[in-house]
Amino acid sequence: MLSRTLLFSTAISALIAFSAPVSAAELKAVASFTVLADVVKQVGGKHVTVTSLVKPDGDPHEFEPSPADAKSLKAADVVFVSGLGLEGWMDRLISASGYKGTPVTVSEGIQTRSMEEDGKTVTDPHVWNSPINVKIWVKNIETTLSAADPADKADFKANAEAYLKTLDGLDAFAHAKFDTIPEDRRKVLTSHDAFGYFGREYKVTFLSPLGVSTETEASAGDVGKLIEQIKAEHVKTYFFENSNDPRLVKQVAKATGAEPGGELYVEALSKAKGPASTYEKMFRYNVEQIAAAISKSS
């Protein structure tokens, strides 16, 4: 009888010992938008629960935080933003929420590119459209999570290393698709200028009626110049984006004769059942769509 009691007590103690650290070690992370949230999940794995403030198919430029977002932010152990001017609403949300920490800017260390918008030189914030840049995100996320939860540092390191290999695979996949297409044929029309890093990496030229942010409005003169440029450069394909209003790009396409190439996922993942529910799926989908359209028009 004694041995049975001992055995039962030992089993219960073991169960408590096994289950307690899992919940105790679980970090609450908040990420500004879905693309970043997915990368945090890849590195954090089972030790981190991640909430994205901007939801699937949402525009991170024009996001309007809700009281629920303020509540999520205040409860977070760590907050991640991409930075470089993308989340213009974050400071207001921090003030409203009472969050006492400092968000981690994961784009720190990326070789950024500049662009012209409304006569000013600004930094392009859309760094994630190159997996080479996302590798820097991964390292910054790993460092942050390891500091917040040292007990699980080895797991974060293993997850990060595995995901870095995935990102290398995405880069190789894109090069394999584009390198065989003549550079003067790698030209497409998109809703706004969010593919600069993608274009830099794979020598694809993207033309758009809107600048770096969807909050800006294109003037009639700017649209007219773009139409003339598209005609002069013989751009034959246009895309719209899941998080943006497609009407302007369709207007430009109609004036130039460009043919539709489909929908791209640029600043937001799709919903779970969509074609771009993770960063890896999003990038592969965009590469396949763009490469297929360019090849067809060539």
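Within segment 149-194, can you find the residues that are loosely packed, with under 13 Cβ neighbours inside 10 Å and not in a helix (DSSP H, G or I)?
Passing the criteria: Asp179, Thr180, Pro182.
Got a number for residues in segment 139-154 being under 13 Å from His47 (Cβ atoms) and basic (Lys, Arg)?
Total satisfying the criteria: 1.
Here is a check on your reading of the model: is Val122 under 23 Å from Gly196 (Cα atoms) and modelled with pLDDT under 95?
For Val122, the condition - under 23 Å from Gly196 (Cα atoms) and modelled with pLDDT under 95 - is met.
Does Glu87 qualify as being over 15 Å from the mean Cα position of the chain (by Cα), more than 13 Å from Val30 (Cα to Cα) and charged (D, E, K, R)?
The answer is no for Glu87.
Quick check on this structure: which one of Val79, Val104 is in contact (Cβ under 8 Å) with a residue 24 or more places away in the chain, among the β-branched types (Val, Ile, Thr) and touching a Leu at 6+ places or on another chain (Cβ under 8 Å)?
Step by step, each of Val79, Val104 is checked, and only Val79 is in contact (Cβ under 8 Å) with a residue 24 or more places away in the chain, among the β-branched types (Val, Ile, Thr) and touching a Leu at 6+ places or on another chain (Cβ under 8 Å).
Quick check on segment 148-185: of everything there that is over 23 Å from the mean Cα position of the chain (by Cα) and among the basic types (Lys, Arg), which residue is modelled with the highest pLDDT?
By that ranking, first place goes to Lys153.
Go through segment 102-138 and give me each residue that's within 24 Å of Lys153 (Cβ to Cβ), surrounded by 13 or more Cβ atoms within 10 Å (Cβ to Cβ) and either over 17 Å from the mean Cα position of the chain (by Cα) or among the aromatic types (Phe, Trp, Tyr) (or both).
Trp137
Each row is one residue, and each column tells you yes or no for (1) under 17 Å from Lys271 (Cα atoms); (2) in a loop (DSSP other than H, G, I, E, B); (3) out of contact with any Cys (no Cβ under 7 Å at 6 or more places or on another chain); (4) at pLDDT 95 or above.
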position	(1), (2), (3), (4)
Val30	no, no, yes, yes
Ala37	yes, no, yes, yes
Val40	no, no, yes, yes
Thr51	yes, no, yes, yes
Val54	yes, yes, yes, yes
Pro60	yes, yes, yes, no
Leu73	no, no, yes, yes
Gly85	no, yes, yes, no
Lys100	no, yes, yes, no
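Quick check: is even one residue across segment 10-22 closer than 30 Å to Tyr265 by Cβ, of a type in the set (Val, Ile, Thr) and either at pLDDT below 95 or touching a Pro at 6+ places or on another chain (Cβ under 8 Å) (or both)?
No: segment 10-22 contains no residue that is closer than 30 Å to Tyr265 by Cβ, of a type in the set (Val, Ile, Thr) and either at pLDDT below 95 or touching a Pro at 6+ places or on another chain (Cβ under 8 Å) (or both).
Need pairs with beta-carbon distance below 6 Å; first residue assigned by TED's automatic domain parsing to the domain that holds Val30 and within segment 136-163, second charged (D, E, K, R) and in a helix (DSSP H, G or I); sequence gap 6+ or separate chains.
Ser146/Lys153; Phe156/Glu142; Ala160/Glu142
The values are calculated or read from the model by the stated rules, or taken from the named source; none is laboratory data. Everything quoted here is computed from the prediction, not taken from an experiment. Every residue, glycine as well, gets a Cβ built from its backbone with ideal geometry; the counts of neighbours run over all protein chains shown.
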